[in-house]
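Chemist: Just passing along the structure, written as structure tokens.
The values are calculated or read from the model by the stated rules, or taken from the named source; none is laboratory data. Everything numeric in this text was worked out from a predicted model, so none of it was measured. Here Cβ is always computed from backbone atoms with ideal geometry, including for glycine, and neighbour counts include all displayed protein chains.
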Amino acid sequence: MELSEKQIERYSRQIVLKEIGGMGQKKLMKSTLTIIGLGGLGSPAAYYLAAAGIGKLKLVDFDYVELSNLQRQILHFSEDINKRKTISALEKLNSLNLDCSIEIINKKVSIDNIREIIQNSDFVIEGSDNFATKMLVNDACVYLKIPFTIAGAIRYHGQLLTVVPEKRTTCYRCVFGTIKNLDDRMSCSQAGVIGVIPGILGSIEANEAIKYLLEIGDLITNKMLFVDLLKNNFSFINVYREINCIICGENPKDFTEIKRYGSDIACH
Amino acid sequence: MSLEKNIQNEKEVNKLDLRGKVCPMTFVNTKLSLEKLKSGEFLEVLLDFPPAVENVPENCRRQNLAKVVRITPIKQNKSYWELIFEKI
């Protein structure tokens, strides 16, 4: 694969970087990523990844654009209200960069379809708005040994963890697996969310994917990033593998056999 | 292989004419060409954008890509510079 003159110019500001160059750019162009959720987190992640020239993005969302989404979900515009988020995203990303091929999947991620959705992905970006989906993505990715990053954002706060199953890093379930009664209905609609916070966390998710693909820098593994935009606090807290974790511990279960909990009610 | 011996054999020197290009494309194109070379091979780059004559070698040095062997100003009706790099 040779870069065209247009591609050299389009990606010049990252080809210039010591760690990327032409070889790194070609690696990005051969990569396939899946983005689950095209809201506040998935929008900036998809945007930066398409802009960076990722070869293929699989975009997964079952929802439709609503007026109240536009305050933070930057892929969607006023004229997209009532449009499928996948279609709205596809239109923007095609307009941004046709080098990036887009596959859209209009499905709610479930235990029955997640394997098919994330299979053959080099990396998965989790950007859903609910705990149950995050845990399902964690379990399926760990089980199928697909690296991924999970972020969450609410009010002025955000958190993020990257997991590399091959390297046996701490998984999301190791950290939150003991929470049994998390009420998803208290997600962003009622709690509120400042638009910037998923913007920052989704951007960091994209950066994690790029670093993983290029094997450069440090990933946010075995520690969680916590961001508080009200108090301007950016901190990392070490998180440790749980040897009894039912998905990454010493006696792991098949992810399809794990009892699911948490509300199925999606946040609007 | 020494530079002078190599330079005598024009076909063995990789050439890149970046006259008309400005920064950062001068460095981007130089970098992409250097990436294709093996250690010890030479690249001749022609530049007519004056800041690039300093910036391109400086960035090649910082990124440990190549060392500058020679910079020759060429005075013609439109002057330019001929830079010879050796891939690290």
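Chemist: Hey, can you tell me all the residues within the stretch A:217-268 that are of a type in the set (A, V, I, L, M, F, W, C) and modelled with pLDDT under 90? So that I can check it myself, show each step before the final result.
Modeler: Of all residues in the stretch A:217-268, those of a type in the set (A, V, I, L, M, F, W, C) come to A:219-220, A:224-227, A:229-230, A:234, A:236-237, A:239, A:243, A:245-248, A:255, A:258, A:265-267.
Matches in the stretch A:217-268: A:258, A:265, A:266, A:267.
Residue-by-condition table, conditions (1) in contact with a Cys (Cβ under 8 Å, 6 or more places away or on another chain); (2) polar (S, T, N, Q):
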residue: A:38; (1), (2): no, no
residue: A:47; (1), (2): no, no
residue: A:52; (1), (2): no, no
residue: A:56; (1), (2): yes, no
residue: A:60; (1), (2): no, no
residue: A:65; (1), (2): no, no
residue: A:69; (1), (2): no, yes
residue: A:75; (1), (2): no, no
residue: A:78; (1), (2): no, yes
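Chemist: Show the residue pairs meeting these rules: Cβ distance below 6 Å; 6+ apart or different chains; first residue within the stretch A:62-81 and in contact (Cβ under 8 Å) with a residue 12 or more places away in the chain; second residue crowded, with 22+ Cβ neighbours inside 10 Å and of a type in the set (Val, Ile, Thr).
Modeler: Correct list of pairs: A:76/A:65; A:80/A:65; A:81/A:65.
Chemist: So for the stretch A:66-75 (the condition being surrounded by fewer than 21 Cβ atoms within 10 Å (Cβ to Cβ), under 19 Å from the mean Cα position of the chain (by Cα) and closer than 20 Å to residue A:207 by Cα), does at least one residue qualify?
Modeler: Yes - at least one qualifying residue is present in the stretch A:66-75.
Chemist: Please go through the stretch A:13-46 and give me each residue that is touching a residue at least 60 places away in the same chain (Cβ under 8 Å) and polar (S, T, N, Q), ordered by number.
Modeler: Within the stretch A:13-46, A:31, A:32, A:34, A:43 meet the criteria.
Chemist: Do you know which residues across the stretch B:18-33 are more than 9 Å from chain A (Cβ to nearest Cβ) and buried (at least 22 other Cβ atoms within 10 Å of the Cβ)?
Modeler: B:18, B:26, B:30
Chemist: Residues that are within 14 Å of chain B (Cβ to nearest Cβ) and among the polar types (S, T, N, Q): does the stretch A:36-57 have at least one?
Modeler: No, the stretch A:36-57 has no match at all.
Chemist: Inspect all residues belonging to the stretch B:73-84 and state whether any of them is β-branched (Val, Ile, Thr), farther than 14 Å from residue B:24 by Cα and surrounded by fewer than 16 Cβ atoms within 10 Å (Cβ to Cβ).
Modeler: Checked the stretch B:73-84: at least one residue is β-branched (Val, Ile, Thr), farther than 14 Å from residue B:24 by Cα and surrounded by fewer than 16 Cβ atoms within 10 Å (Cβ to Cβ).
Chemist: How many residues does the stretch B:33-52 hold that are within 21 Å of residue B:23 (Cα to Cα), part of a strand (DSSP E or B) and in contact (Cβ under 8 Å) with a residue 40 or more places away in the chain? Can you show your working first?
Modeler: Kept after step one, since they are within 21 Å of residue B:23 (Cα to Cα), are these residues of the stretch B:33-52: B:33-36, B:43-52.
Applying the additional criterion that residues be part of a strand (DSSP E or B) yields B:43-47.
Subsequent filtering for residues that are in contact (Cβ under 8 Å) with a residue 40 or more places away in the chain retains B:43-45.
Adding up the residues that qualify gives 3.
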